Amino acid sequence: MANISRPAHQRELFGHPAGLYILFFTEMWERFSYYGMRALFTLFLVSETTSRNPGFGWTNQEALSLYGWYTMLVYVASIPGGWVADRLLGQKKTVMLGGILLCIGHSILALNSEISFYIGCLFIILGVGGLKPNISSMVGGLYKQKDERRDLGFYIFYMGINIGGFVAPIVCGYIGEKINWHYGFGLAAIGMFLGQIVYMWGQKYLKHVGNLISAKNEKDRAILERPLTRIEKDRVKVLLLSFLLIVLFWAAFEQAGGLMNLYAKQKTDRSFFGLGEIPASVFQSVNSFFIITLATLVGALWLKWRRMGKEASSLFKMAVGIIIMALGFGFMSAASVQYENTGSSAMYWLILAYLFHTIGELCTSPVSLSFITKLAPLKYASVIMGLYWAATGLGNKAAGEIGKLAKDLGDFEVFTGIAVIWTLIGLIVILMLKPLKRLTHGAEEGEGAVAVD
């Protein structure tokens, strides 16, 4: 688990602990490998076995089903990954182990056989489970309690995620879709190896974070043995409730890698001013592009909102994020209508949908990561972060199941249903905000405002 006492001074770079940038580049390359593979996943599965670049020739429903199971297990594995960190290895060593497993998994995916595909996916599931919850907790561990730089540190870290997420679908997607699927998977493997090299090189900047709590240390033993206080129990309750929101958010948002990815491939006019056709997988980079370009603006708006004395708690931002993301599906409903009338839909509907999805994500995802490090009891930090990523995984699984409904119900009905139902969910949370905030016992009070929560 994360260290108990932080040093009075750590080497800093650009106003933040130097270790933040080691974690930034490690996560950037890990996400490059993951999103590069994710952009190809369903497209590879449905590619005809007789095509020039053959896949498995599955149906959309079969591909979406496996996509849902795979993405769920990737994140649910964060629960045992968090337990290993809290009880056996510490966060730092568990991230190292996870990175090694990811290098193996992505390398195996580059091989051209069905059994190697499943084995590669298994190693990636185990690797993400070890790396994902613990590297996020280590970011929080770099800062002292009530350090006003913490939220901004998570913003910087989140930028690393999305730089990798932006570049990977373009590079891996083009090579995989246009040249050879397994070359694309292999390029994702190279990205993971680079991330692992960065992490191993940067250990000297992470000496004081992510270490295992030892029962031999008197101060550590006191924390391990002390039962949770009433305030800590209340904070855990509100965290668990917030995880329900996370499940619902990703159940809708992750249509991007499943139903919307297939929609881009099969029903969208992707011709670009007569210069050729844009690969469907490239659209997976649009979300990350908008995050990189809009994050500062969204953060500035929340900062202004807070300074005006208006509601700006993490729970409120998450609810607003769900509503904005849901409204983005209205554009996909319009795309579906256009397809039914003309036989294809314009690219701008997808881009507008991703724009709203991105703004919703900026209000929800980095906020929730920082929220956990503020409220989670120290001795359960990694397990609770693991539960967060497990909630993300359950949302991914639900996304696959929702996407499959399009075959029987139709695209318009699915997209419109998400837009309406998820908007209502966000409004309900806003109505319940006061009792939920009481359970935090002021954990977010007294911290300086920053660009992005």
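The values are calculated or read from the model by the stated rules, or taken from the named source; none is laboratory data. Here the structure is a predicted model, which means the values were calculated and not measured. Every residue, glycine among them, receives a Cβ derived from its backbone with ideal geometry; neighbour counts consider all protein chains shown. Heads up: the accessible areas ignore ligands, DNA and RNA and are worked out on the full protein's heavy atoms, side chains in. Shrake-Rupley method; radii C 1.70, N 1.55, O 1.52, S 1.80 Å.
Brief remarks follow.
- Count - residues of the stretch 277-298 that are under 14 Å from Ile324 (Cβ atoms), open to solvent by 10 Å² or more (accessible area, probe 1.4 Å) and of a type in the set (A, V, I, L, M): 3
- Those residues of the stretch 107-133 which are closer than 11 Å to Pro80 by Cα and of a type in the set (S, T, N, Q), in sequence order: none
- For Ile351: the one exception among (1) closer than 24 Å to Ser242 by Cα; (2) touching a residue at least 60 places away in the same chain (Cβ under 8 Å); (3) open to solvent by 50 Å² or more (accessible area, probe 1.4 Å): (1)
- Number of residues in the stretch 37-69 that are open to solvent by 10 Å² or more (accessible area, probe 1.4 Å), within 25 Å of the chain's Cα centre (by Cα) and not aliphatic (A, V, I, L, M) equals 6.
- In the condition set (1) touching a Ser or Thr at 6+ places or on another chain (Cβ under 6 Å); (2) over 22 Å from Pro133 (Cβ atoms), His182 is compliant with all but (1).
- Candidate set from the stretch 138-154 (those that are out of contact with any helix residue (DSSP H, G or I) (no Cβ under 6 Å at 6 or more places or on another chain) and assigned to a helix (DSSP H, G or I)); member that is modelled with the highest pLDDT: Gly141
- Residue in the stretch 102-117 that is farthest from Val209 (Cα to Cα), counting only those that are open to solvent by less than 40 Å² (accessible area, probe 1.4 Å) and within 22 Å of the chain's Cα centre (by Cα): Leu109
- When residues of the stretch 422-441 are limited to those that are among the β-branched types (Val, Ile, Thr) and open to solvent by less than 80 Å² (accessible area, probe 1.4 Å), the one farthest from His357 (Cα to Cα): Thr440
- The helices (runs of 4 or more DSSP H) found entirely in the stretch 379-453 that carry 3 or more residues being among the small types (Gly, Ala, Ser) and at pLDDT below 90 are 381-404.
- When Val209 is tested against (1) of a type in the set (Val, Ile, Thr); (2) outside any loop (DSSP other than H, G, I, E, B); (3) at pLDDT below 90, only condition (2) is not met.
- Some residue of the stretch 405-413 being acidic (Asp, Glu), free of Cβ contacts under 8 Å to residues at least 24 places away in the same chain, open to solvent by 40 Å² or more (accessible area, probe 1.4 Å) and on the phi < 0 side of the Ramachandran plot: yes
- Residues being among the β-branched types (Val, Ile, Thr) and surrounded by fewer than 24 Cβ atoms within 10 Å (Cβ to Cβ) - total across the stretch 136-161: 2
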